[in-house]
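Down below is the structure, laid out as structure tokens.
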Amino acid sequence: MVEVLTRREFGKASAMTVAAAAARHLHATAKPDISLEIAPFLLEPSPKHKIATVAYNGQVPGPLFRMRQGREVSVQICNRSPDPEVVHWHGLGLPSAIDGAMEEGTPAIAPGATTRFNLKPSPAGFRWYHTHTFAGKDLRKAQYGGQHGFVLVEAANDPASYDQEVFLTLHDWAGRDMSSDDGSMNPVYDITTVNGKMLGFGEPVRVRQSQRVMLHILNSSPTEVHWVALAGHRFHVVALDGNMVPTPQTVEMLRLSPAERVSAIVTMDTPGVWIFGEVRKHIQATGMGCVVEYAGAKGEPVWHQPNELEWDYHRFAASAPAQAAPAPQRMELVFTSKFQGHGNEELWRINGKSYPETEEPVLTAGQRYRLILKNDSMDDHPMHLHRHRFEVKRVAGSPEMGGLLKDVVLVPTKTTAEIEFTADNPGRTLFHCHQQNHMDRGFMMVFRYA
Ligand SMILES: [Cu+2]
């Protein structure tokens with residue numbers, strides 16, 4: 001019997017028992033296709049820095065898993081950490097029982113326990129996996145730690161034309177927290193990394209002149225939005241959150257909010273030794289960067305400082321289709337925070353309520369929904385819908401867009417975003433802010449199916 005543990009005391013016990021039974025495909029003897037071991041790990045982002053964290057298979061990021069779309073793989077997860085764990089498969093349309101969120105009914109894996117299940121990966125694209133637990137005031141836990149890794153779901157006929165693929169993840173490591181002006185507590189990041197290493201201490205990305213390199217970039221930060229650039233080069237953005245964009249664009253820099261991914265092709269046409277890094281110097285100075293080195297090139301890595309931050313989802317979309325499909329059902333979700341008094345963190349609310357008191361809207365399978373995301377709070381929020389892809393229709397007063405499929409959208413303070421999705425994957429479905437300190441403080445809700 002797999003021990004069922006709740007994320008917090010208010011887990012829904014009956015749903016979890018059912019889910020536990022569903023998730024427990026115990027084929028105890030066969031070797032799994034994918035094996036994850038969750039265990040304490042000492043990360044060395046540089047010879048001078050050590051971070052005691054928890055990681056997958058003794059590495060940060062965890063191993064890259066390549067899967068073929070629709071081809072079932074067996075997964076084994078062994079929890080050798082002192083806390084209950086759950087692994088979320090971000091961007092995949094899995095059943096609630098294995099999606100990896102206790103709020104949906106995925107059972108937690110108790111310390112010392114092992115779970116096995118089969119997973120049918122879909123849709124194709126750049127996905128990832130990460131822990132989906134509660135951190136609270138412990139800034140080493142949940143997404144503050146090292147539990148994140150890449151998944152690439154390959155389509156049967158991959159039209160990709162590039163010479164090399166490189167996977168990079170941006171991460172912030174909190175050393176302490178500090179109270180801000182309003183009295184709330186926020187993490188302070190003394191160390192930032194690309195693939196677990198500070199700038200200058202990881203293996204360089206090695207390229208050759210005239211290569212086309214596909215960069216798959218993930219922001220696995222617990223809370224921070226990042227802007228990145230590659231000195232001397234531009235990015236040809238072909239996919240956002242692993243989904244091909246209708247209008248690929250060549251840009252100077254990328255913005256990624258927590259959990260977002262960008263896939264971009266860089267043509268290596270400027271030989272040298274260059275820095276890929278955070279555009280804001282004070283963040284790059286804490287480590288967020290890596291070296292891109294052409295074969296035969298020598299010397300100190302070079303950085304060119306951009307003047308301003310630039311990013312716009314709208315550039316990658318198509319114009320909205322003239323012929324309107326059947327009208328989607330509209331649902332307004334208003335985000336606010338309630339300050340709980342000096343020294344306390346705010347409590348986050350959706351339509352006036354914090355999880356687990358948030359509404360549980362009931363979806364009809366096959367119906368299309370338009371969510372109107374109205375951010376009345378003072379922060380920006382990267383909103384993530386589990387188990388479904390959505391289409392970004394509007395952001396901050398933009399014209400109506402078409403074809404931009406994502407699973408995370410950043411909704412800046414005092415703006416409204418509109419997204420649409422089709423209810424095509426029955427089961428409990430979590431919708432939440434991906435900032436760890438916000439989801440921990442009630443910024444979550446669950447959609448149910450009729
Ligand atoms: Cu948030």
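Observations on the structure shown:
- When the trypsin sites (Lys or Arg not before Pro) in the range 370-450 are filtered for DSSP coil states and for at most 13 other beta-carbon atoms within 10 Å of their beta-carbon, the remaining sites are Lys414.
- Shown in residue order for the range 326-335 are the 3J(HN,Hα) couplings computed by the Karplus curve 6.51 cos²θ - 1.76 cosθ + 1.60 at θ = phi - 60°: x, 4, x, 7, 8, 9, 9, 10, 9, 9 Hz (x for Gly and Pro).
- Hz values of 3J(HN,Hα) by residue in the range 221-236 - Karplus curve (6.51, -1.76, 1.60), Gly and Pro given as x: 4, x, 9, 9, 7, 10, 10, 10, 9, 10, 3, x, 9, 10, 9, 9
- By the count of other C-beta atoms within 10 Å, a proxy for reagent exposure, Cys78, Cys433, Cys290 are ordered fewest to most as Cys78, Cys290, Cys433.
- When the square roots of the Cα gyration tensor eigenvalues are ordered a ≥ b ≥ c, the ratio a/c for the range 257-396 is 1.5 or more and a/b does not exceed b/c, which makes its shape oblate.
- For the chain, the 222 nm mean residue ellipticity estimated from helices alone, with every DSSP H stretch of n ≥ 4 adding -39500 (n - 2.57) and the total spread over all residues, rounds to -1000 deg cm²/dmol.
- Estimated vicinal HN-Hα couplings, Hz - the range 193-202 in sequence order (Karplus 6.51, -1.76, 1.60; Gly, Pro = x): 9, 10, 6, x, 10, 7, 3, x, 10, x
- Once the chain from Glu357 to Glu203 is taken as fully extended at 0.36 nm per residue, the excess over their C-alpha distance is 50.7 nm.
- The distance linking the range 128-153 with the range 251-310 is 24 Å (Cα centroid to Cα centroid, whole angstrom).
- Given 10 as the ceiling on other Cβ atoms within 10 Å, longest exposed-site-free region of the chain for GluC sites (Glu not before Pro) in DSSP loops: 10-307
- Across Lys137/Lys338; Lys31/Lys120; Lys141/Lys406; Lys393/Lys414; Lys281/Lys414, pairs whose alpha-carbon gap is larger than 20 Å: Lys141/Lys406; Lys281/Lys414
- Most mobile listed residue (Lys48, Lys120, Lys298) in the chain, GNM with C-alpha springs under 10 Å: Lys48
- Applying the criteria of a DSSP loop state and at most 15 other Cβ atoms within 10 Å to the trypsin sites (Lys or Arg not before Pro) of the range 55-122 yields Arg71, Arg80.
- Expressed to the nearest 5 percent, the antiparallel share of DSSP beta bridges inside the chain is 75 percent.
- Cα shape, the chain, gyration tensor, a/c 1.5 rule: rounded
- Inter-part distance where the range 55-79 and the range 393-407 are each reduced to a Cα centre, Å: 32
- Contact order for the chain, expressed relative to its length and based on alpha carbon pairs under 8 Å spaced 6+ residues apart, stands at 14 percent.
- Fluctuation leader among Pro204, Pro399, Pro123 - the chain, Gaussian network, Cα springs under 10 angstrom: Pro399
- Cα-based shape type of the range 354-440, given that a ≥ b ≥ c are square roots of the gyration tensor eigenvalues and the cut on a/c is 1.5: oblate
Computed from the coordinates by the stated procedures, all read-outs in this text should not be read as laboratory data. Predicted, not measured: the structure shown is a model, and the values here were computed from it. Virtual Cβ from ideal backbone geometry, glycine too; neighbours counted across all protein chains shown.
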